[in-house]
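Chemist: Starting off with a structure, shown below.
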Amino acid sequence: MKLKSIFRAVALFGALGIAAVPSFAEETIKIGLIAPFSGPFADYGKQMEGGIKAYMKQHSDKVAGKKVEVITRDTTGPMPEIAKRLAQELVVRNKVDFLAGFGLTPEALAVAR
């Protein structure tokens, strides 16, 4: 019984969170892809980008009627300070809705804060 109550509470708060999203949200969903696209780990970034492009080619570049735009940024390798700066730029300047990528753990940990 207690577990059901917890699930109900989580579902209720989730529904309230979705309801709080303004209905005038933009028509484009922006995703910032931060990964190494050059340097010794370039394959990681290229594979991520290739997978995204293949998926979008097969399934369209729209989700729930909104266009998805992917903005890529190159960390050039295991550079946590660069990944953090790029993430800040994507959020502040490009107004991305999501951050993705991070083929290398030090980069992800630098941005997580």
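The values are calculated or read from the model by the stated rules, or taken from the named source; none is laboratory data. Remember, it's a predicted structure, so these values are computed and weren't measured experimentally. In this analysis, Cβ positions are derived from the backbone assuming ideal geometry, glycine residues included, and neighbour counts consider all displayed protein chains.
Chemist: Kindly establish whether LYS30 is modelled with pLDDT of 95 or more and either touching an Asp or Glu at 6+ places or on another chain (Cβ under 7 Å) or surrounded by 10 or more Cβ atoms within 10 Å (Cβ to Cβ) (or both).
Modeler: Details: modelled with pLDDT of 95 or more: yes; either touching an Asp or Glu at 6+ places or on another chain (Cβ under 7 Å) or surrounded by 10 or more Cβ atoms within 10 Å (Cβ to Cβ) (or both): yes.
Answer is yes for this residue.
Chemist: Here are THR72, THR76: which of them is within 14 Å of the chain's Cα centre (by Cα) and surrounded by 14 or more Cβ atoms within 10 Å (Cβ to Cβ)? Before the answer, list the steps.
Modeler: On the way: THR76 fails: within 14 Å of the chain's Cα centre (by Cα).
It is THR72.
Chemist: Continuing with this model, one more query. Kindly establish whether PHE98 is within 11 Å of ILE31 (Cα to Cα) and aromatic (Phe, Trp, Tyr). Full working, then the answer.
Modeler: Numbers: within 11 Å of ILE31 (Cα to Cα): yes; aromatic (Phe, Trp, Tyr): yes.
Judged against the criteria, PHE98 is a match.
Chemist: Sticking with this structure for a sec: Surrounded by 12 or more Cβ atoms within 10 Å (Cβ to Cβ) and either more than 30 Å from THR105 (Cα to Cα) or modelled with pLDDT of 95 or more (or both): is that true of LEU3 in this structure? Can you show your working first?
Modeler: Values: surrounded by 12 or more Cβ atoms within 10 Å (Cβ to Cβ): no; either more than 30 Å from THR105 (Cα to Cα) or modelled with pLDDT of 95 or more (or both): yes.
When the stated conditions are applied, LEU3 does not pass them.
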